[in-house]
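Trainee: Quick one: the structure is below, questions incoming.
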Amino acid sequence: MRMIHACLTSTDSGLPTATAVPLVHDLVWAHARPSDGLEHLRARPAPYGGLDVVLFVRARSDGTARNQMRALLGRVAGPAATHGFAIHLA
């Protein structure tokens with residue numbers, strides 16, 4: 001199991017971060033595919049005003065896990081943007 005860190009930053013007024021946490025969970029799971037290897041995720045408000053997200057991934061290496069999450073988060077980026085957030089792998 002690998003842990004991959006991602007950040008969501010506000011691109012405009014966006015949702016309050018407390019409201020965004022369940023939204024992020026739903027968006028990520030709605031776009032996850034079995035091949036992504038996602039096992040669990042944890043999102044919480046961050047001091048910079050966005051969200052810190054930790055993705056727990058089934059992968060053979062850190063590089064493979066990052067590639068898997070890059071693909072998943074790429075699918076989530078559009079819907080997240082409609083809610084005023086940009087996603088960045090840390």
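Readers should treat all values here as calculations from the given coordinates under stated rules, not as data from a laboratory. These figures come from a predicted structure and were not determined experimentally. Using ideal geometry, Cβ is built from the backbone for each residue, glycine included, and neighbour counts are taken over all protein chains shown.
Trainee: Just to confirm the number: angle between the C-alpha axis of helix 17-31 and the first principal axis of the chain, 0 to 90 degrees, nearest 10?
Mentor: Rounded to the nearest ten degrees, it is 40.
Trainee: Non-local amide H neighbours of GLU39 (under 5 Å, H modeled in plane, Pro and chain starts lacking H): which ones?
Mentor: PHE56, VAL57, ARG58
Trainee: Report, to the nearest 10°, how far helix 62-82 tilts away from the longest principal axis of the Cα atoms in the chain, using its own Cα long axis and a range of 0 to 90°.
Mentor: In the chain, helix 62-82 runs at an angle near 30 degrees to the longest axis.
Trainee: To the nearest 20 debye, what charge dipole does the stretch 2-89 have about its Cα centre, counting +1 at the Cβ of each Lys and Arg and -1 at the Cβ of each Asp and Glu?
Mentor: Details: 9 positive and 6 negative charges, 66 e Å.
That gives a dipole near 320 debye.
Trainee: Do the sum for the chain: with -39,500 (n - 2.57) for every DSSP H run of n ≥ 4, divided by all residues, what is the mean residue ellipticity at 222 nm, to the nearest 500 deg cm²/dmol? Kindly include the intermediate steps, with their values, before the conclusion.
Mentor: Working: 2 runs with 36 residues, N = 90.
-13500 deg cm²/dmol, from helical runs alone.
Trainee: Assuming 1.002 mPa s and 20 °C, estimate D for the chain with Stokes-Einstein, Rh taken as the Kirkwood radius over Cα pairs, in µm²/s. Mind showing how you got there, number by number?
Mentor: Working: Rh = 12.8 Å.
The estimated diffusion coefficient comes to 167 µm²/s.
Trainee: Once phi is turned into ³J(HN,Hα) by the Karplus curve 6.51 cos²θ - 1.76 cosθ + 1.60 with θ = phi - 60°, what whole-Hz value does each residue of the stretch 2-11 show in order, with x for glycine and proline?
Mentor: The phi angles translate into 10, 10, 10, 9, 10, 10, 10, 10, 6, 9 Hz.
Trainee: Could you line up PHE56, PHE85 from fewest to most neighbouring Cβ atoms inside 10 Å?
Mentor: Exposure proxy ranking, most exposed first: PHE56, PHE85.
Trainee: By how many nm would the segment from GLU39 to ASP26 grow when fully extended, if each residue of separation counts as 0.36 nm and the alpha-carbon distance is taken off?
Mentor: Details: separation 13, 0.36 × 13 = 4.68 nm, distance 1.40 nm.
Working it through step by step, the gained length comes to 3.3 nm.
Trainee: Another question about this same structure. Using every pair of alpha-carbon atoms in the stretch 48-90, split the distances into 10 Å bins beginning at 0 and state the percent of pairs per bin, rounded to integers.
Mentor: Each 10 Å bin holds this share of Cα pairs: 26, 51, 21, 1.
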